[in-house]
Amino acid sequence: MANIKKIALLTGGGDCPGLNAVIRAATRTAIVEYGIEVIGFLNGYRGLYNGNWIELDAKTISGILPVGGTMLYSSNKDNLFKFPFEVDGETVYRDVSDVGVENLKRAGADALLIIGGDGTLTSGRDFWRKGVPVIGVPKTIDNDLSCTDSTFGFDTAVAVATEALDRLHTTACSHHRIMVLEVMGRYAGWIALHAGIAGGADAIIIPEIPYDIEKVASKINERKANGKDFSIVVVSEGAKSITGEMVVQKIVADSPDPIRLGGVGNKIADELEKLCGNEARATILGHLQRGGSPTAYDRVLSTRYGSYAVELAMQGKFGNMVTLDGDTMSYDTLENVIGKNKNVDPDGELVRIAKNIGVCFGD
Ligand code: F6P
């Protein structure tokens, strides 16, 4: 057992349903099982820099299990190893991570649980390299983090996208339209693939399989020839055609990952309208996939992640990230998990099964 009297938590990067459930499970495990104290830094690494933290106890975490977002707030801009300052009208970057280390000491915390995606965990690894006792908890709706089978928030995002597809089906049918649903996922097609199968999409377009729009149009025309004059297409925001690039919505200059994708759904709807003759409409689901209450599955998974993270800290197993390995909680080194994307295998079982049931991937 490590000599831990107090642990600190922070949440960084884009939020995700289940973050509060992780905070609750970690806090409860620390208090109930180990009798130690818990604090939470606010607004991700910015709170660590500003020394802005709150006590977490039975009272402060009460009622948060089903609530979306994060009670500790988040930021996907603050990298303390490359922190921006305005000097003479110019932005210069400085390493202010020592301030974070000092604030952790000032708060009396013996360990830091970092709940975040790739950018947040990269800083976590860098703090670990500086000697801070860090445990990482992977978070993303995109399910694209390596070394873990599933991240909390993904199931909720898939449920929201599936409900959207169900709703689009009825209106598509009434108006004989092509309905294109654009979902999140960055450079991985997990949300599109799972929601597309669950929501009975006719075509699923994902970044891992560059699409030929003519092939998608052929699928829609084939349906029409068989008496189905509406179609449902789900497209991942990171999709790219066999000739084109990804559609970038904007660049957020001060973010560690500045590219924000979005808009490919409109492009595909326009092209399909021209090629197939049916009216086409695009829906961009956006942050609806990230907000709101987590599913029961995500609440259980978040609870497992949060509780296991504290167990690891108490065993002194720092420098690791909690993972889900099959149906078992496990861990892997932060050094190993950072910087690798987990992508859909174009030749994998799920794509094959979808193709078996007639789903077009545009290839
Ligand atoms: O990584 C989660 C995610 O929601 C992606 O699916 C999406 O591309 C991105 O974050 C959106 O980021 P922001 O909230 O900064 O617009």
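Quick one: in the range 165-189, which of the residues that are among the aliphatic types (A, V, I, L, M) and within 15 Å of the ligand (Cβ to nearest atom) is most open to solvent (accessible area, probe 1.4 Å)?
Here the residue is Met184.
For the range 226-234, indicate whether the set of residues that are at pLDDT 95 or above and within 16 Å of the ligand (Cβ to nearest atom) is non-empty.
yes
With a cut-off of at least 1 residues that are touching a Ser or Thr at 6+ places or on another chain (Cβ under 9 Å), name the strands (runs of 3 or more DSSP E) lying wholly within the range 65-159.
In the range 65-159, 83-87, 111-116, 134-138 are the strands (runs of 3 or more DSSP E) which contain 1 or more residues that are touching a Ser or Thr at 6+ places or on another chain (Cβ under 9 Å).
Give Ala192, Ala198 a once-over and let me know the one that is of a type in the set (A, V, I, L, M, F, W, C), more than 16 Å from the ligand (Cβ to nearest atom) and touching a Ser or Thr at 6+ places or on another chain (Cβ under 9 Å).
Numbers: Ala192 fails: more than 16 Å from the ligand (Cβ to nearest atom).
So the residue among Ala192, Ala198 that is of a type in the set (A, V, I, L, M, F, W, C), more than 16 Å from the ligand (Cβ to nearest atom) and touching a Ser or Thr at 6+ places or on another chain (Cβ under 9 Å) is Ala198.
Do you know which residues across the range 106-153 are among the hydroxyl-bearing types (Ser, Thr, Tyr), buried (at least 24 other Cβ atoms within 10 Å of the Cβ) and within 15 Å of the ligand (Cβ to nearest atom)?
Listed by number, the residues that qualify are Thr120, Thr140, Thr151.
Specify which of the listed residues (Ser302, Ser330) is in contact with a Leu (Cβ under 8 Å, 6 or more places away or on another chain) and free of Cβ contacts under 8 Å to residues at least 24 places away in the same chain.
Every option except Ser330 fails the conditions.
Spot the failing condition for Ser293; the list is (1) within 16 Å of the ligand (Cβ to nearest atom); (2) surrounded by fewer than 19 Cβ atoms within 10 Å (Cβ to Cβ), and only one is missed.
(1)
With Arg304, Arg281 as the choices, which residue is assigned to a strand (DSSP E or B) and charged (D, E, K, R)? Let's see the steps before the verdict.
Working: Arg304 fails: assigned to a strand (DSSP E or B).
None of the other options fit; the residue is Arg281.
Taking the conditions exactly as written (buried (at least 18 other Cβ atoms within 10 Å of the Cβ), within 16 Å of the ligand (Cβ to nearest atom) and either among the hydroxyl-bearing types (Ser, Thr, Tyr) or not in a loop (DSSP other than H, G, I, E, B) (or both)), does Val216 satisfy them or not?
Here the answer is no, as Val216 does not meet what is asked.
Any idea which of Gly286, Gly339, Gly362, Gly316 is out of contact with any His (no Cβ under 7 Å at 6 or more places or on another chain), open to solvent by less than 80 Å² (accessible area, probe 1.4 Å) and modelled with pLDDT under 95? Walk me through how you get there before you give the answer.
Numbers: Gly286 fails: modelled with pLDDT under 95; Gly362 fails: modelled with pLDDT under 95; Gly316 fails: modelled with pLDDT under 95.
Gly339 is the lone residue from the list that is out of contact with any His (no Cβ under 7 Å at 6 or more places or on another chain), open to solvent by less than 80 Å² (accessible area, probe 1.4 Å) and modelled with pLDDT under 95.
The values are calculated or read from the model by the stated rules, or taken from the named source; none is laboratory data. Predicted, not measured: the structure shown is a model, and the values here were computed from it. Here the Cβ is made from the backbone with ideal geometry for all residues, glycine too, and neighbour counts use every protein chain on show. Only protein heavy atoms, including side chains, enter the accessible area calculation; ligands, DNA and RNA are left aside. Shrake-Rupley method; radii C 1.70, N 1.55, O 1.52, S 1.80 Å.
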